[in-house]
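Enquirer: Dumping the structure here so I can ask a few things about it.
The values are calculated or read from the model by the stated rules, or taken from the named source; none is laboratory data. A quick note: this is a predicted structure, and the numbers were derived from the prediction, not measured. Cβ placement follows ideal geometry from the backbone for every residue including glycine, while neighbour counts extend to all protein chains displayed. The accessibility values were calculated without ligands, DNA or RNA, using every heavy atom of the protein model including side chains. Shrake-Rupley method; radii C 1.70, N 1.55, O 1.52, S 1.80 Å.
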Amino acid sequence: MNQFTISEISKFTEGKLFSSPNASDEIITNIVTDSRTFFAGENAIFFALTGPRNNGHHYIPQLIDRGIKNFVVSEKKWINSKASFVFVKNTTEALQKLATFNRRKNLYPVIGITGSNGKTIVKEWLHDLLSEDFSIVRSPKSYNSQIGVPLSVLLMNKNYNLGIFEAGISEPGEMKKLTKIIKPEIGIFTNLGDAHQENFESYEQKIEEKLQLFKSSEKLIFSVDNQLCKKKITRFCEEHSVTPVSWSLLKNKNVFLSFSAEKKESYTKISAKIESKKYAFKIPFSDSSSIENACHCFAGIWALTQKTDLFLKRFEKLEPVAMRLEIKQGINNCLLINDYYNSDLNSFSIALSVLQQQAAKGHLQKTVILSDIQQTGIPKPDLYKQVNQLLLDWKIDKLIGIGPEITKYFEVFSVRKECYSKLIDFEKSFQKENLKDSVILIKGARKFTFEKISALLQQKTHQTVLEVNLNALVYNLNAFRKLLKPETKVMVMVKAFSYGTGDVEIAKMLQFQNVDYLAVAVADEGVQLRNAGIQTPIIVMNPEEHSFQNFIDYRLEPNIYSLELLQAFTKTVSQNALEEFPVHLKIDTGMNRLGFKTESEIQHAISTIKATRWLKVKSVFSHLAASDDPKMDDFTKTQISGFNEIAGNISKQFSYNIDRHILNSAGIERFTKYQFEMVRLGIGLYGVSQTGLGLEHIGTLKSTVSQVKTVQKTETVGYNRKGKVEKTSKIAVVPLGYADGLDRKLSNKNGSAFVSGKLAPIIGNICMDMLMLDVTGIDVNAGDEVEFFGSNISISEIAEKAGTIPYEVLTGISQRVKRIYLQE
Ligand SMILES: *Cc1c(COP(=O)(O)O)cnc(C)c1O
């Protein structure tokens with residue numbers, strides 16, 4: 001995000017600052033509004049927001065204990081001398097004022113999106129379509145509220161050149177505030193539904209309120225296919241001198257853009273006409289809302305760039321936006337459509353159209369599991385009559401209603417039906433056999449927790465997976481942060497596919513947790529992270545000359561370890577005419593791997609850097625060879641003191657501050673004192689501690705039993721007949737082999753797996769794609785889950801048995817093993 005000093009924040013929020021004089025120019029780089037998502041850093045400021053259910057002020061003492069030093073408050077009694085306080089009338093408004101100021105400072109184009117449905121999808125798709133050509137800052141997830149919008153806009157800084165933000169309102173008067181903050185040059189009005197109708201007098205009022213967002217926009221994109229919208233928006237554009245970018249899918253005349261869509265089974269061909277010029281593209285969806293969203297995106301790209309040819313191909317690669325409508329394989333040949341984030345009529349219709357499409361593909365029945373309908377101004381009896389009409393229109397075979405209200409209107413429904421006033425009643429009476437060969441739409445408002453139904457109906461996976469628990473990752477990160485001084489920076493090593501756990505998801509989580517640096521091995525890994533939207537600074541440990549241009553293009557910071565590398569990299573930077581490009585100097589203090597080793601090399605490097613304006617030394621570092629080994633502590637200390645001396649000598653010769661770092665995970669645990677300004681966390685984050693630090697395991701390697709069979713005393717199991725049994729035995733076959741990364745040294749009872757609550761030894765040689773377990777005396781059936789490491793077997797244990805180190809066990813899990821991420 002953008003940086004402010006605390007006194008600037010006080011000024012821009014029109015507050016009064018209470019702080020010690022030298023604290024007033026402290027730089028703030030992180031805004032916190034949710035006390036749960038805060039971890040460390042003096043550079044954070046907490047806005048104590050107040051709402052009907054929560055008062056952020058109550059967390060202040062606890063946050064002070066956890067190291068926060070800056071607060072924005074609206075209740076005087078919390079102000080004390082332990083921290084700096086900005087006192088304002090209203091903390092939400094203060095946040096909005098700060099965001100408004102930040103918007104004024106960042107004058108690149110912003111696309112603002114509002115409407116009842118599709119905001120997040122249009123935003124995400126525009127991002128996907130434009131991200132090769134723009135550096136985009138956008139609302140995280142669906143941050144579109146009175147708090148979400150300012151937090152999004154505060155992310156704007158000079159690293160970007162395009163903003164895409166969504167705005168949502170639930171009552172009159174709200175949009176005016178968001179308009180000032182977003183100030184979009186280009187507007188997109190997605191559509192109008194009945195969500196949040198209850199707080200508005202009429203549709204007209206709701207449109208008018210939403211249109212406020214575009215009062216000072218240059219262009220406004222909208223569809224004329226809804227008559228009411230057409231009239232209102234056209235008039236609005238005239239009144240406010242906004243250029244209308246109107247479009248139609250229904251051959252309406254007098255539009256700027258006319259589209260026509262030709263739906264196929266799994267994709268849609270869309271053609272667009274602007275004046276007399278024609279364009280054609282395809283999207284991998286065939287439901288009406290996706291087509292509508294794609295039209296908005298096309299119009300958006302045109303409004304922004306006036307050229308769309310470049311982008312046409314990219315429409316084919318659009319993906320469904322996660323966390324909405326997801327489709328999963330269910331039990332008994334069922335298909336599940338999970339849509340349990342809201343339950344208004346409009347999104348219900350959209351979901352029904354998806355249901356229809358999926359059912360047609362597989363000749364399946366249609367079942368709807370529906371909660372009470374929320375967020376609508378329609379009187380209840382009419383509302384449920386409308387629901388019934390929709391069910392009839394879409395020829396739904398069966399309705400399962402869950403909730404007190406829908407149960408109350410049971411009589412209204414004229415399809416096959418069951419109703420339960422509580423979820424638990426449904427769960428109790430649920431019998432697997434009753435649902436088969438059907439597409440099941442699971443549709444409910446968040447509070448009905450319909451994800452439980454999905455879990456009940458979902459097919460257990462018959463595959464080997466590495467389950468990665470992101471909460472445990474955060475837990476481990478904080479366990480290390482607690483050892484450190486709050487101001488010490490943390491670089492997290494995400495090299496080698498984040499030690500085998502996966503790259504992008506892990507990096508996203510780390511970015512969210514505000515780690516200071518990410519480190520990768522080669523530039524390609526860094527490029528991949530940048531392409532996934534990671535903005536955290538990235539250091540590349542092995543910069544290779546052929547990839548230098550990527551460093552520049554993707555803002556990757558090289559580890560400079562030799563004079564040759566220094567010269568070559570300087571040349572690339574100067575060719576790009578970039579000044580003060582950040583680099584990191586590696587000193588070899590005894591590892592005898594990469595690094596400057598002799599005094600004359602180091603001195604030469606320093607004079608080279610000092611003589612140019614192209615580079616800036618961000619940090620000096622070294623790597624410990626044996627930080628985990630108490631027998632080598634004398635050597636480790638020699639490395640540290642050598643580093644201290646060299647780093648000091650380097651720092652002396654520059655006018656700016658240079659960070660120093662030498663500790664890896666074991667180093668942080670065992671030599672905490674030498675944390676300098678930064679540390680480099682690796683294996684510890686992934687749950688392996690050298691000193692018994694209480695960490696959580698983050699990865700579970702698991703599979704399922706494919707088959708169980710009996711083997712007689714005279715028989716053997718597997719290749720070369722290595723698996724000998726001493727008595728009649730029960731054998732379980734599991735689809736996990738050495739090609740998945742399980743070390744073959746675990747064969748022949750050296751290793752075990754955890755199944756049905758017991759350890760079962762691996763019998764015979766591990767095969768390429770399979771292995772066999774001796775499950776004699778254990779109650780095991782095909783389909784049962786088997787754990788290879790996780791909460792019952794630790795990675796360190798496996799490493800020891802295989803004669804290797806935990807690092808190799810983790811990084812060895814092959815790419816074909818699917819990574820699944822768990823959170824909360
Ligand atoms: C991999 C690596 C680390 C992290 O080491 P861990 O033992 O996993 O904590 C730190 N520094 C450098 C230079 C590395 O290559």
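Enquirer: With Cβ to Cβ distances under 10 Å as the rule, what net charge do the other residues near Lys408 carry (K, R +1; D, E -1)? Show your work: numbers first, answer last.
Expert: On the way: positive: Lys380; negative: Asp372, Glu405, Glu411.
Once all neighbours under 10 Å are counted, the net charge is -2.
Enquirer: While we're on this one: Please calculate the 1.4 Å probe accessible area of Tyr561, with all protein chains present, and give it to the nearest 10 Å².
Expert: Tyr561 exposes around 60 Å² with every protein chain in place.
Enquirer: May I ask you to rank His546, His127 by accessible area, largest first, using a 1.4 Å probe over the protein chains only? Please list the in-between numbers first.
Expert: On the way: His546 155, His127 20 Å².
Ranked from most to least accessible, the order is His546, His127.
Enquirer: Taking the Cα centre of the stretch 699-822 as origin, sum charge times position over the Cβ atoms of Lys and Arg (+1) and Asp and Glu (-1), and report the length of that vector in debye to the nearest 20. Please list the in-between numbers first.
Expert: Values: 16 positive and 13 negative charges, 70 e Å.
Dipole size: approximately 340 debye.
Enquirer: Using only the Cα atoms of the chain, each taken as one equal point scatterer with no solvent, compute I(q) by the Debye sum, divide by I(0), and report log10 of the ratio at q = 0.06 Å⁻¹.
Expert: After summing over all Cα pairs, the log10 values are -0.49.
Enquirer: By accessible area of protein heavy atoms, probe 1.4 Å, what ranking do His604, His240, His363 get, highest first? Write out the running numbers ahead of the final one.
Expert: Details: His604 95, His240 65, His363 170 Å².
Greatest to least solvent exposure: His363, His604, His240.
Enquirer: At what distance in nm do the modelled label points of Val415 and Lys436 sit from each other, each positioned 7 Å from its Cα along Cα→Cβ?
Expert: 2.2 nm
Enquirer: For a quick check: with amide H placed at 1.01 Å from N, whose amide H comes under 5 Å from Ile539's, ignoring anything fewer than 5 positions away on the same chain?
Expert: So Ile539 has HN proximity to Leu518, Ala519, Val520, Glu557.
Enquirer: Kindly give the semi-axes, whole Å and largest first, of the ellipsoid equivalent to the stretch 326-457, taking each as the square root of 5 times a Cα gyration tensor eigenvalue.
Expert: Details: eigenvalues 86, 55, 38 Å².
They are 21, 17, 14 Å, listed largest first.
Enquirer: Given the options Gln205, Tyr143, Val153, identify the residue whose Cα lies farthest towards the positive end of the charge dipole of the stretch 131-244 (+1 on Cβ of Lys, Arg; -1 on Cβ of Asp, Glu).
Expert: Val153
Enquirer: What full-extension length gain, to one decimal in nm, is calculated for Arg104 and Glu208 as 0.36 nm per residue of separation minus the Cα-Cα distance?
Expert: Working: separation 104, 0.36 × 104 = 37.44 nm, distance 2.51 nm.
In short, 34.9 nm is gained.
Enquirer: Just report the Cα centroid separation between the stretch 67-101 and the stretch 393-450, whole Å.
Expert: 47 Å
Enquirer: Given H placed on each backbone N at 1.01 Å, which residues far from Ile820 in sequence or on other chains put an amide H within less than 5 Å of it?
Expert: Placed amide hydrogens put Leu466, Glu467, Val468 under 5 Å from Ile820.
Enquirer: Another question, if that's okay. Excluding Met491 itself, calculate the net charge of residues whose Cβ lies under 14 Å from the Cβ of Met491, where each Lys or Arg counts +1 and each Asp or Glu counts -1.
Expert: Numbers: positive: Arg481, Lys489, Lys495, Lys586, Lys618, Arg660, Arg680; negative: Asp516, Glu557, Asp659, Glu677.
With Lys, Arg at +1 and Asp, Glu at -1, the net is +3.
Enquirer: Here is a further query. Can you say what percent of the DSSP beta bridges in the chain, counting only those with both residues inside, are antiparallel? Round to 5.
Expert: Antiparallel bridges: around 40 percent, rounded to the nearest 5.
Enquirer: Not counting ligands, DNA or RNA, and with a 1.4 Å probe, what is Lys206's accessible surface area in Å² rounded to the nearest 10?
Expert: 0 Å²
Enquirer: Given 37 °C and 0.692 mPa s, compute D for the stretch 53-164 with the Stokes-Einstein relation, Rh being the Kirkwood radius over Cα pairs; round to the nearest whole µm²/s.
Expert: Result for D is 204 µm²/s.
Enquirer: If you average 1/r over all unlike Cα pairs in the stretch 429-560 and invert the result, what Kirkwood radius do you get in angstrom?
Expert: Values: mean 1/r = 0.0556 Å⁻¹.
Averaging 1/r across every pair of different Cα atoms and inverting gives 18.0 Å.
Enquirer: Then there's this: Please identify the GluC sites (Glu not before Pro) of the stretch 478-553 that satisfy two criteria: DSSP loop assignment and at most 16 other Cβ atoms within 10 Å. Which are they?
Expert: Working: sites: Glu487, Glu505, Glu525, Glu544, Glu545; in loops: Glu487, Glu544.
The qualifying sites are Glu487, Glu544.
Enquirer: Ignoring solvent entirely, what values of log10 I(q)/I(0) come out of the Debye formula for the stretch 469-686 at 0.08, 0.12, 0.15 Å⁻¹ when each Cα is a single scatterer?
Expert: The calculated log intensity ratios at q = 0.08, 0.12, 0.15 Å⁻¹ are -0.27, -0.62, -0.98.
Enquirer: For a distance above 12 Å, tell me the whole-number percent of Cα pairs in the stretch 138-181 that qualify.
Expert: The calculated P(r) of the stretch 138-181 puts 55 percent of pairs beyond 12 Å.
Enquirer: Could you work out the local net charge near Glu418, counting Lys and Arg as +1, Asp and Glu as -1, over the other residues with Cβ closer than 11 Å to its Cβ?
Expert: Neighbour charge sum, excluding Glu418 itself: +2.
Enquirer: Under 5 Å between amide H atoms, partner at least 5 residues away or on a different chain: which partners does Leu615 have, H built in plane at 1.01 Å?
Expert: Amide H neighbours of Leu615, under 5 Å, 5+ apart: Glu580, Phe581.
Enquirer: When the helix-only estimate is applied to the chain (DSSP H runs of n ≥ 4, each -39,500 (n - 2.57), divided by the residue count), what is the mean residue ellipticity at 222 nm, nearest 500 deg cm²/dmol? Walk me through the intermediate numbers first.
Expert: Values: 26 runs with 258 residues, N = 824.
Taken over the chain, the calculation gives -9000 deg cm²/dmol.
Enquirer: Then there's this: Apply the Karplus curve 6.51 cos²θ - 1.76 cosθ + 1.60, θ = phi - 60°, to the phi angles in the stretch 775-790 and return the couplings in whole Hz, x for Gly and Pro.
Expert: 10, 4, x, 10, 7, 10, 10, 4, x, 6, 7, 10, 9, 9, 9, x
Enquirer: Need the C-alpha centroid separation for the stretch 718-759 versus the stretch 200-262, integer Å.
Expert: Cα centroid to Cα centroid, the span is 65 Å.
Enquirer: A further question follows. So if I restrict to the alpha-carbon atoms in the stretch 699-822, what is the Rg, and what is Dmax, the biggest pairwise distance, in Å?
Expert: Gyration radius and largest Cα-Cα distance of the stretch 699-822: 13.7, 45 Å.
Enquirer: Mind grabbing the accessible area of Tyr554 for me, 1.4 Å probe, Å², rounded to tens?
Expert: Approximately 60 Å² for this residue.
Enquirer: How would Asp133, Asp634, Asp553, Asp372 line up by accessible area, probe 1.4 Å, largest first?
Expert: Sorted by accessible area, descending: Asp634, Asp553, Asp133, Asp372.
Enquirer: Within the stretch 750-768, name every residue whose backbone N is under 15 Å away from a label modeled 7 Å from Cα of Tyr719 along the Cβ vector.
Expert: 763-768
Enquirer: What's the FRET efficiency of Ser641 with Thr29 using the Cβ-Cβ distance as r and R₀ = 35 Å, to the nearest 0.05?
Expert: Numbers: r = 32 Å, r/R0 = 0.93.
Computed FRET efficiency for Ser641 and Thr29 comes out at 0.60.
Enquirer: Output the peptides 476-483, 381-388 sorted from most to least packed, where packing is the average of other Cβ atoms within 10 Å over each peptide's residues.
Expert: Details: 476-483: 18.5, 381-388: 17.0.
In descending order of packing, they fall as 476-483, 381-388.
Enquirer: State the three equivalent ellipsoid semi-axes of the stretch 4-94, derived from the C-alpha gyration tensor as the square roots of 5 times its eigenvalues, in descending order and whole Å.
Expert: Ellipsoid semi-axes (Å, largest first): 17, 15, 12.
Enquirer: So, by mean Cβ neighbours within 10 angstrom, what's the order for 582-592, 146-156, 19-29 with the highest one leading?
Expert: For the peptides 582-592, 146-156, 19-29, the packing ranking is 146-156, 582-592, 19-29.
Enquirer: Could the peptides 168-176, 650-658, 613-621, 352-360 be put in order, highest first, of the mean number of other beta-carbon atoms found within 10 Å of their residues?
Expert: So the peptides 168-176, 650-658, 613-621, 352-360, ranked by packing, come out 613-621, 352-360, 168-176, 650-658.
Enquirer: Over what distance in Å are the Cα centres of the stretch 152-177 and the stretch 637-660 separated?
Expert: 44 Å
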